[in-house]
Amino acid sequence: MMRRLRTAVALAGIATGLLMGLGTPAQAAAPADRSSATKTASPGWWRFGVYYTSDACHYFGNSLTQTPQFSSYYCVQNVWDTVDQRYYWGLWVYQVS
């Protein structure tokens, strides 16, 4: 019974996250551990959303880069949740200007 409740709550959280991800992304600086030569924040990078798995993050990244609004993306496991005590996958997209 408790497992079903947890599953239902997790699915509701995922659905909410997906709906929130469909809105306009909030502008944010690129994370510090980005795999690039420079460690400074680059203009144009936006954190689009946070996902439970790497597969989900890459799925949405691939679908977003099929549109003319975003040219590239990357997923990084650096979003810490203090309640769950685990890291989640953050999706960063580069908006074409």
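The values are calculated or read from the model by the stated rules, or taken from the named source; none is laboratory data. Worth saying up front: this structure is predicted, and the values here are computed from it rather than measured. Please note: Cβ atoms are built from the backbone with ideal geometry, for glycine as well, and neighbour counts cover all protein chains shown. Heavy atoms of the whole protein, side chains included, go into the accessibility calculation; ligands, DNA and RNA do not. Shrake-Rupley method; radii C 1.70, N 1.55, O 1.52, S 1.80 Å.
Side notes on the structure shown:
- Averaged over residues, the count of other Cβ atoms within 10 Å places the peptides 43-50, 79-86 in the sequence 43-50, 79-86, highest first.
- Order by protection proxy (mean Cβ within 10 Å, highest first), peptides 54-60, 87-93: 87-93, 54-60
- Taking all protein chains as shown and a probe of 1.4 angstrom, Ser63 keeps an accessible surface of around 50 Å².
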